[in-house]
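The values are calculated or read from the model by the stated rules, or taken from the named source; none is laboratory data. Note that this is a predicted model, so its numbers are computed, not measured. Positions of Cβ are backbone-derived with ideal geometry, glycine not excepted, and every protein chain shown enters the neighbour counts. Each accessible area value is taken on the protein alone, full model and side chains, heavy atoms only, with ligands, DNA and RNA left out. Shrake-Rupley method; radii C 1.70, N 1.55, O 1.52, S 1.80 Å.
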Amino acid sequence: MPESTILTVLFAAAAILAGAFLVILPIELIWLRRRGALTWARLKEMLASASPTAIALLVEGVSVALALAVFGAVAELSPWEIPITWWSALLGLIAVDFLYYWDHRAGHRIRLYWAVSHSVHHSSPHYDQTTGLRVSFVDGFIAPLFYWPLALIGFPPILIVAVFAVSIAYQQWIHTEAIGKLRWLDPWLNTPSNHRVHHGSQPGYLDKNYGGVLMIWDRLFGTYTAETEPVRFGLTRPIESANPWVVHTAELTRLAKDLQASTPAVAWSRLWRGPEWCAPARPPV
């Protein structure tokens, strides 16, 4: 099959998966209304979650161009190029999912990354299709830092971008409470149940289920947890605001304040350790 056809199918699949939003959101609205949960406060939170979309769309072309440029430069160093086939597309998707696990885990365990980018996605106290849109525009500019090894081992840059688009688009449909547990899929794939756990702020759910499409990596590296109790969504320190500016800057503001009150050594640790890290107490004199 021609390479152009495979790429067209991949990008079309990404568009269809992302379009799940248009199907599931109306169902969610009806589901919420029947439960008396479709309040004005909930609608404001939904609008706040959707607010990053406009900025993300404005800069998407730049971030994709940057990724292609970085991957292209790295690909020049590779002694070979893997041809674009259905097999290489499948291998590429698995490889992207593996690197996504570490990218995602870093977004939770490195406070600088958490503050400037990934905390935005977790800041809503609710969980629905609009939560999938609550993504910082910074994400697209960080991606090349994690996925360039694929270009080095020979994956064509355009194929990396295509399978990455499929992986990200797949994750749209899992942002919902309207779909319960899926008995045969939950152990192996990222599903609404598994991803609800990931968005949980209670201790048993923190830093779990990082996988994008597959749960295999979480099982291998000890971060998989099944949904066993109702999830409390949002941050451990809620931002308590639906203001789009606060949604985007709350954790960055908290980090800035902590850095101002820190010695250089402590400030360095605050940047690169987990968000929960605190400087050890000084021993009494």
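Per-structure values
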{"quantity": "Matching residues in segment 194-207 - criterion: being closer than 26 Å to A14 by Cβ and without any contact (Cβ under 8 Å) to a residue 24 or more places away in the chain", "calculated": "H198"}
{"quantity": "Residues of segment 30-62 satisfying the condition of being outside any helix (DSSP H, G or I), polar (S, T, N, Q) and under 13 Å from H126 (Cβ atoms)", "calculated": "T39"}
{"quantity": "Index of the failed condition, A95 passing every other in (1) in a helix (DSSP H, G or I); (2) without any contact (Cβ under 8 Å) to a residue 24 or more places away in the chain; (3) of a type in the set (G, A, S)", "calculated": "(2)"}
{"quantity": "Filter result for R105 (buried (at least 20 other Cβ atoms within 10 Å of the Cβ) and at negative phi)", "calculated": "no"}
{"quantity": "Pairs, first open to solvent by less than 30 Å² (accessible area, probe 1.4 Å) in segment 262-275, second at pLDDT below 90, C-beta under 8 Å, six or more apart", "calculated": "S262/A279; S269/W277; S269/A279"}
{"quantity": "Segment 27-59, residues that are open to solvent by less than 70 Å² (accessible area, probe 1.4 Å) and basic (K, R)", "calculated": "R42"}
{"quantity": "Yes/no for A20 being touching a Ser or Thr at 6+ places or on another chain (Cβ under 9 Å) and touching a residue at least 40 places away in the same chain (Cβ under 8 Å)", "calculated": "no"}
{"quantity": "Neighbours by Cβ (under 7 Å, 6+ apart or cross-chain): first from segment 236-253, without any contact (Cβ under 8 Å) to a residue 24 or more places away in the chain; second outside any helix (DSSP H, G or I)", "calculated": "V246/I239"}
{"quantity": "Qualifying residue in segment 15-26 (condition: under 21 Å from the mean Cα position of the chain (by Cα), open to solvent by 60 Å² or more (accessible area, probe 1.4 Å) and small (G, A, S))", "calculated": "yes"}
{"quantity": "Residue within segment 99-117 that is closer than 25 Å to A162 by Cβ, at pLDDT below 95 and outside any loop (DSSP other than H, G, I, E, B) present", "calculated": "yes"}
{"quantity": "Number of positions in segment 63-84 that are in a loop (DSSP other than H, G, I, E, B) and open to solvent by 50 Å² or more (accessible area, probe 1.4 Å)", "calculated": "6"}
{"quantity": "All positions within segment 1-58 that are farther than 29 Å from H248 by Cβ and among the polar types (S, T, N, Q)", "calculated": "S4, T5, T8"}
{"quantity": "Matching residues, segment 121-155, being modelled with pLDDT of 95 or more, assigned to a helix (DSSP H, G or I) and among the aliphatic types (A, V, I, L, M)", "calculated": "L150, A151, L152"}
{"quantity": "Condition check for V197: over 19 Å from the mean Cα position of the chain (by Cα) and assigned to a helix (DSSP H, G or I)", "calculated": "no"}
